[in-house]
Amino acid sequence: MYNWFKEKFAETGLYFHFDRYSQMSYEQQRINILQRLSSIAKEDFEGLTMDIFRFQAQYNEVYATYISFLNIDSQSISAVQEIPFLPIQFFKNYSIKTGQWPTATTFSSSGTTGDATSLHHVRDLDFYKTNTENGFSTFYGPPSDYCVLALLPSYLERTGSSLIYMADHFIRLSKHPKSGFFLNDTAELLAVLNSG
């Protein structure tokens, strides 16, 4: 499937436009989605997910082309479980962005299989940090209430890890004196854990 898509995309260079799911402009839709994401309620999850899908189907060139080659009309998708996922291979070969914007940073996958790494272009690092904080706080409470101990040796030894970025952010938020990274110092990590 991926190779077929790659050939067709290269041959045609087509960008498929979908009917708008609303009369709002790109920026109006984006702002609406961001506002809803900042205070998402359980009862709005499915509706928000569908709006994000349609927004991406319209403004993400690679995704729009992919679903059109699958002969999927974004307007025919009526439930979250019907949304087609973009294969991971595409993140290794294309710049996946919804709209045109400068990249603030690029996170990369660990590449544990020895293949090329997948890339995640981030538009706004403040939004990324806020989103990770909100997700953590929803399930565990504020990161400031925790001692964050990060044992991530293979991740610390490479650049571009979103996990390291997030862990570093939580360590700073925790303000706990024993919070930190433990590269190859498992003895120190055990001492911190045993100190209660």
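Residue-wise test of (1) of a type in the set (Asp, Glu); (2) open to solvent by 40 Å² or more (accessible area, probe 1.4 Å).
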residue: Ile40; (1), (2): no, yes
residue: Glu43; (1), (2): yes, yes
residue: Ala64; (1), (2): no, no
residue: Ser78; (1), (2): no, yes
residue: Gln81; (1), (2): no, yes
residue: Phe85; (1), (2): no, yes
residue: Gly99; (1), (2): no, no
residue: Phe127; (1), (2): no, yes
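Residues of the range 184-196 that are assigned to a helix (DSSP H, G or I) and either touching a strand residue (DSSP E or B) at 6+ places or on another chain (Cβ under 8 Å) or of a type in the set (Ser, Thr, Tyr) (or both): Thr186, Leu189, Val192, Leu193.
Restricting attention to the range 152-183, the residues that are farther than 18 Å from Ser108 by Cβ, assigned to a loop (DSSP other than H, G, I, E, B), touching a helix residue (DSSP H, G or I) at 6+ places or on another chain (Cβ under 6 Å) and not basic (Lys, Arg) total 3.
Say whether the condition of being modelled with pLDDT of 95 or more and in a helix (DSSP H, G or I) is met by at least one residue in the range 112-125. Yes: one or more hits.
Taking the range 152-183 as the range and being in contact with a Gly (Cβ under 9 Å, 6 or more places away or on another chain) and open to solvent by less than 40 Å² (accessible area, probe 1.4 Å) as the test, only Ile171 passes. Name every residue in the range 65-110 that is touching a residue at least 40 places away in the same chain (Cβ under 8 Å), in a loop (DSSP other than H, G, I, E, B) and either basic (Lys, Arg) or within 25 Å of Gly47 (Cα to Cα) (or both), in order of residue number. Once the filter is applied, which keeps residues that are touching a residue at least 40 places away in the same chain (Cβ under 8 Å), in a loop (DSSP other than H, G, I, E, B) and either basic (Lys, Arg) or within 25 Å of Gly47 (Cα to Cα) (or both), the range 65-110 yields Asp73, Pro87, Thr98, Gly99. If the condition is being among the hydrophobic types (A, V, I, L, M, F, W, C) and within 18 Å of Phe90 (Cα to Cα), then the range 107-163 contributes Phe107, Ala116, Leu119, Val122. Of the residues making up the range 131-151, just one is in contact (Cβ under 8 Å) with a residue 60 or more places away in the chain and loosely packed, with under 15 Cβ neighbours inside 10 Å, namely Asn134.
The values are calculated or read from the model by the stated rules, or taken from the named source; none is laboratory data. Bear in mind that the values here come from a model prediction, so they are computed numbers and not experimental data. Quick reminder, even Gly has a Cβ in these numbers, built from the backbone with ideal geometry, and neighbours come from all protein chains shown. The accessibility values were calculated without ligands, DNA or RNA, using every heavy atom of the protein model including side chains. Shrake-Rupley method; radii C 1.70, N 1.55, O 1.52, S 1.80 Å.
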